[in-house]
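Single-structure report; data block below.
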Amino acid sequence: MVSDSSALAQHLDEVALIDQHAHGCWSTAGDRQRFENALNEANTEPLVGSGFDSQLGFAVRAHCAPILGLPKHVEPQAYWERRRQLGETELARLFLPAAKVSDWLVDTGIGADTAGTAEMAEWSGNRAHEVVRLEQVAEQAAQAPGDYASAFEEILHRRAATAVGTKSILAYRGGFQGDLSEPSAVQVAEAAGRWRDQGGTRLQDRVLLRFGLHRALRLGTPLQFHVGFGDRDCDLHQANPLFLLDFLRQSGGTPIVLLHCYPYEREAGYLAQAFNNVYLDGGLSVNHLGARAPAFIARLLEMAPFRRILYSSDGYGPAELHFLGAALWRNGIHRVLRGFVENGDWSEADAVRVVDLIARDNAARLYRV
Amino acid sequence: MVSDSSALAQHLDEVALIDQHAHGCWSTAGDRQRFENALNEANTEPLVGSGFDSQLGFAVRAHCAPILGLPKHVEPQAYWERRRQLGETELARLFLPAAKVSDWLVDTGIGADTAGTAEMAEWSGNRAHEVVRLEQVAEQAAQAPGDYASAFEEILHRRAATAVGTKSILAYRGGFQGDLSEPSAVQVAEAAGRWRDQGGTRLQDRVLLRFGLHRALRLGTPLQFHVGFGDRDCDLHQANPLFLLDFLRQSGGTPIVLLHCYPYEREAGYLAQAFNNVYLDGGLSVNHLGARAPAFIARLLEMAPFRRILYSSDGYGPAELHFLGAALWRNGIHRVLRGFVENGDWSEADAVRVVDLIARDNAARLYRV
Amino acid sequence: MVSDSSALAQHLDEVALIDQHAHGCWSTAGDRQRFENALNEANTEPLVGSGFDSQLGFAVRAHCAPILGLPKHVEPQAYWERRRQLGETELARLFLPAAKVSDWLVDTGIGADTAGTAEMAEWSGNRAHEVVRLEQVAEQAAQAPGDYASAFEEILHRRAATAVGTKSILAYRGGFQGDLSEPSAVQVAEAAGRWRDQGGTRLQDRVLLRFGLHRALRLGTPLQFHVGFGDRDCDLHQANPLFLLDFLRQSGGTPIVLLHCYPYEREAGYLAQAFNNVYLDGGLSVNHLGARAPAFIARLLEMAPFRRILYSSDGYGPAELHFLGAALWRNGIHRVLRGFVENGDWSEADAVRVVDLIARDNAARLYRV
């Protein structure tokens, strides 16, 4: 992918990544509308116009087409026809190994039609590990018998025993602004009672969201947050990670990982400098930025210490996305770091070492994989 | 302007633009102070220091001077002297055709000393169409006899019959934050009564501003919003388009066009991805960024689907601005897209097609011109 | 430092800077932990991991090592050993002259272990001038006998008589959001009474902070504000300079200087365009951005008129920082302006003139040094 004979380019081609936040790829067949909608993250309605008419769509045609034996920049119609012929499992068996990812950390909290960790491992020929979504644990606890807090704790500990970390989608359930301190047992019991009376689905209650976060902090394993852009159910200005400042001040030593971060990647980098336990990645954003990914990757390399930056694809649905994240990241960071070296600001050995930190060493240390 | 022998460069030189948001150029003579103040958007007081000492001032000397037969980068004094010799009408007859714009969409809501659509068409030798400013309609309705809501509706429909869209400057009249739902008839009548009692000028009443927006939505033609930077009467942080999220969720299918957008162009691009009916441009910003315009144009090409990005100059006053917007856009997007092609992320055919979409096809489809 | 034979490059190598905002460098010996912590601005706890693993750390190894006779990109251990051998005074005598700064404007409000203006002048072989920190004046007034307002006024005028300006760290004492109008004499007396009863240390009282700002406005000398990123005691979203809009509208003609500005440099540039009396710099940010400084310096050159942009290092502690700010600024602005010239947007003579404005002419005019 990266074309240049330098040691840096060669290293980027070869290094095996840890994809520290992804979802399953599709495990069932679907139509073209499903595929094109998956090229748009933010819209929650059927797309008007083609999903291919975007940076992500162009990047699929440029970087994924050759994996399917098609020419670069192939037309959407031809791309779709080849894709349909192959089917989702076959696509996964092509794209997942091509990403050269040794470990997939899979948020299993969404996607009835998507692969679990076992299929991700099998199709890629590598390892997969689970990340437990806190809001899903809460919804399981709401349906369990007995005391809510005890049920939450029991489910969380049982699932966490085989998982590498937890994840919160607070950004989609009211956002970061406002009090995020730990609620009292009485407040939790009252809130759980109200929520269960209403059916106990799709957690939006602030008290119970806060309760879940603080339980996750006590586990001590990394806690991931969706930050910044996602679908429009999320009020983007409420997903600015600066609103997490008070929470971070209370977070003790538990690692907090800020995911995606667009357009708040500079704010996230600042937080990574400000707190020993804050990490960030640019997953999801890199895919949607396509040809513009290098500029974004460069901004991730501003205020954050280099031992706090991670790689992820946030792939979900089309297996293309699990591959494309890796391809765009390798190309993008190559362009950025080569520039630093050419300008005399970094040595090439520095650049190779920072690649290893972001590609895998930081994640290996953090998640113990 | 664009110097390079590629198909992309040649296409950019030739394509006729639709300038989807501009005002009239000056139709009356003025002094040097007027001209230099027009090189600064944000300041509402007489400038201290020269308006030429800015990116826009440098861009005028680089790109406009040759149109007047002067060398590139000519000194301000020489530029001013040539400009003064020619007069505003002659300047318009030089700069407007040089922009290679086939259609001007003109917001006629300000500028007693500026050209109307008829003069813009005559001086450019091309077509001009009206965009109706909602706050002006309100101020006309306040002075009309009888019921305010009926008067507003009558004036809006009469003017809209020959116009291609509407425009709101809510950003200057309190900003986007807060409730933007449709008020009741009783609320409108009460607010109109109060406003008329106070003289009925310069609409600031929130109820009546909301009323105007929802009437415009029902027209179904595109509704443009001033977004981001402008003069300092606008609280810039209140002009962040993310505060429009709830309004957009209620907007049905009526196209909403986010204008200018600096420094919120990434947020605006996200909204264009999130809603099928949201569009954006970078008018005004491109002129004021001058040599820095390419970096901004690149960010406009991030999250927004390519069928939702438009061209405009937002030219107002000096005819230089109507030309310069086009010149800087052609140069800037050429630099950006050439980079995408050279890096293998886009094909050159892709780049040419996206140029056509932004230059004119998207606007032609949207405004039916 | 700047390697290129153009007139611009040569001029950048030679121009003497005015560093319009710095602190003293260390005057006492310290251990490696102190040094590495000084490579991180935001964190207030002992660092986990090396302070060298950051853009600033890499920049020290690239640009400061040669000043100590070490190879570029030397390993941290070797850098530290050489540094320790030399001691702080010797380091200052190497790094301060190497910055080619003719005048240091020193905020003396912090740093018991750091150089005052006399030592800064002596060690650099050039001039140093004082900037008076308003919150320190307040804390001195709280400890003085008699009426608080009179004491504040007396101390401020006495100190300002030999100083070139004032500085506020309101960003660290509650942030910019909220009322910043001038309080009444009664309000000031009441607030001062409460504060003195509580000990009169570390001013956080909003009334007294506002009082100090308005007294500084009356002095008429430039008033500097910490803006944007700093240590995590500051809520970064409360340090957005747009929240100063109302204050700026009341500020009369007194120059207001926005310091650092990351990640709000585009907002700060807008304010410099909007108000005749607003200035900005990128000190502190440039050091922490290291190899990414050129992109930031480019954004400082967007909306702000060129006569309102200033240079500073914000160096504090290690003398490396006073030098590195200058080195990174010379390299970064060279890269940016050379690009403008190569693209035909600026003439080389324009670029040289703007270098002079930012390097020293604007500051010389503003501070009368």
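A short reminder: the numbers here are calculations on the coordinates, not readings from a lab. Because the structure is a prediction, the values reported are computed rather than measured. Methodologically, a virtual Cβ is constructed for each residue, glycine included, from the backbone with ideal geometry; neighbour enumeration extends over all protein chains shown.
The table below lists the values:
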| read-out | value |
| --- | --- |
| Other protein chain Cβ atoms within 10 Å, averaged over every residue that makes up B:255-263 | 2 |
| Ranked by how many other beta carbons lie within 10 Å on average, peptides C:307-314, C:122-129 from highest | C:307-314, C:122-129 |
| Stokes-Einstein D in µm²/s, Kirkwood radius over Cα pairs - region C:69-112 at 10 °C with 1.306 mPa s viscosity | 125 µm²/s |
| 37 °C / 0.692 mPa s Stokes-Einstein diffusion coefficient of the protein assembly as shown, Kirkwood radius on C-alpha pairs, µm²/s | 107 µm²/s |
| Cα convex hull of region C:113-242 - mean projected area over all directions, nm² | 9.0 nm² |
| Backbone N within region C:154-178 under 19 Å of label point (7 Å from C:ARG196 Cα along the Cβ vector) | C:154-157 |
| For residues of A:296-307, the mean tally of beta carbons on other chains within 10 Å | 6 |
| Convex hull (Cα only) mean projected area of region B:162-298, reported in nm² to one decimal | 9.1 nm² |
| Shape parameters for region A:30-86, alpha-carbon atoms, Rg then Dmax in Å | 11.0, 32 |
| Over 19 Å [Cα-Cα, region A:279-369], rounded percent | 38 percent |
| Residue-count net charge about A:VAL369 - beta-carbon cut-off 12 Å; Lys, Arg +1, Asp, Glu -1 | 0 |
| Chain C: relative contact order as a whole-number percent, Cα under 8 Å and 6+ apart | 22 percent |
| Alpha-carbon centroids, region B:99-150 and region A:345-369: separation in whole Å | 58 Å |
| Charge context of C:LEU47, other residues only, Cβ under 15 angstrom, K/R +1, D/E -1 | -1 |
| Size descriptor, Kirkwood hydrodynamic radius, that averages inverse alpha-carbon separations across region B:16-161, Å | 17.2 Å |
| Long-range HN-HN contacts of A:CYS25 with modeled amide H, under 5 Å | A:ALA115, A:GLY317 |
| Shape box of region B:211-369 [Cα atoms, principal axes, largest first, Å] | 48, 31, 29 |
| Reachable aspartates and glutamates from B:LYS72, criterion Cα separation under 18 angstrom, eight or more residues apart if same chain | B:ASP53, B:GLU81, B:GLU320, C:GLU342, C:ASP345, C:GLU348, C:ASP350 |
| Overall Cα dimensions of chain A - principal axes, largest extent first, Å | 63, 48, 35 |
| Fraction of beta bridges assigned by DSSP in chain A that are antiparallel (%, nearest 5) | 5 percent |
| Angle between chain B longest axis and helix B:319-342 axis [Cα atoms, degrees, rounded to 10] | 70 degrees |
| Filtered chymotrypsin sites (Phe, Trp or Tyr not before Pro), region B:174-211: DSSP coil and at most 14 other beta carbons within 10 Å | none |
| Peptide C:227-238 - average C-beta neighbours from other chains (10 Å radius) | 4 |
| Helix axis angle, C:88-98 relative to chain C longest principal axis, alpha carbon, degrees | 70 degrees |
| Cα-based convex hull, region C:1-99, per residue volume (Å³, whole number) | 130 Å³ |
